[in-house]
Amino acid sequence: PRLSAMCHAYCVNHLLVGGHLERARLLAAEIEPIVRAGDVDFDQAAGVFYGVSWGLYALDDPRRALDFTELDLDTALLHIAGSELGKMIALASLSDVDDLLACLALAEQGFERVGEDGLPDLLLPAAVLAWRSGDVERARRWLTAIRHAPKPTQNFIVTSIYRQLRNEIGLAPETPGEPLEQTWAEARAWMIDQRSRTARTGPDQVGQPVDD
């Protein structure tokens, strides 16, 4: 059973990365009760399972995805930075701007400690928040910046969520004309602005025009 669960956990990963979302979810549903019950080698199948499962639900069921990111962060077996990004993406999908920005501050500190800037990955939560806010044009533009970034996203699960959102809303027709860092500065400032708007108008109005 342990070997089977381990193999199935890796199959979930490969199905997700390959874009077979529904098949990945069906297989994950089969082994999730076993993994959660602790009936497998926790350091193996459970770590892999929690490390990829947030990618199955980040856009469609973000509260469930958030649960998986917390479990993955607790196991600390796979890419912790990826799990932090997964948490940010889930929070963005929930339009929880306060917690999203709190996670962003921690993520930026972590990237700084290892001498990285976190790009283009950090643009993905911003794009998800823009999409959830109804600002599809802005979300497309930031997805397009990820597509044309000089380096890829940091892991397959983040890439799979990028592809899920790209399939949902498409890309902008124009190639970005500004450096990636400039696009990120704009996205970061926009997210901070959404927090101030939420405080003034309520969470249902994130991304909507506000009369000053």
Solvent exposure ordering (accessible area, 1.4 Å, most first) of ASP67, ASP60, ASP135: ASP60, ASP67, ASP135
Point-to-point label distance, GLU32-GLU181, nm (Cα→Cβ direction, 7 Å offset): 4.2
Env charge @ LYS151, Cβ radius under 15 Å, K,R +1 / D,E -1, value -3
Quick shape check on region 127-190: root eigenvalues a ≥ b ≥ c of the Cα gyration tensor, a/c under 1.5 is rounded, otherwise prolate if a/b tops b/c, else oblate, and it reads rounded
All other residues with a Cβ under 11 Å from the Cβ of CYS103 taken together, and with Lys, Arg as +1 and Asp, Glu as -1, what is their net charge? -4
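Which net charge results for the neighbourhood of ARG166, defined as the other residues with beta-carbon distances under 13 angstrom from its beta-carbon, given Lys and Arg at +1 and Asp and Glu at -1?
After counting each charged neighbour, the total is +3.
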Which value, in Å² rounded to 10, gives the accessible area of ARG132 with a 1.4 Å probe and all protein chains present? 90
If you rank TRP54, TRP190 by how much accessible surface each has, with a 1.4 Å probe, what is the order from largest down? TRP190, TRP54
Hey, what do the phi angles of region 147-164 turn into as Karplus ³J(HN,Hα) couplings, whole Hz, using 6.51/-1.76/1.60 and θ = phi - 60°, x for Gly and Pro? 4, 9, 5, x, 9, x, 5, 7, 8, 5, 6, 4, 4, 5, 6, 3, 5, 4
Tell me, what ³J(HN,Hα) does each residue in region 178-187 have, in order and in whole Hz, if you take phi through Karplus 6.51 cos²θ - 1.76 cosθ + 1.60 with θ = phi - 60° and put x for Gly and Pro? 10, x, 4, 4, 5, 4, 5, 4, 5, 5
For a quick check of understanding: with a 1.4 angstrom probe and all protein chains in place, what accessible area in square angstrom does CYS103 have, to the nearest ten? 10
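The values are calculated or read from the model by the stated rules, or taken from the named source; none is laboratory data. All figures in this text were calculated on a predicted structure; none of them were measured in a lab. Neighbour counts run over all protein chains shown; Cβ positions are idealised from the backbone, glycine included. Heads up: the accessible areas ignore ligands, DNA and RNA and are worked out on the full protein's heavy atoms, side chains in. Shrake-Rupley method; radii C 1.70, N 1.55, O 1.52, S 1.80 Å.
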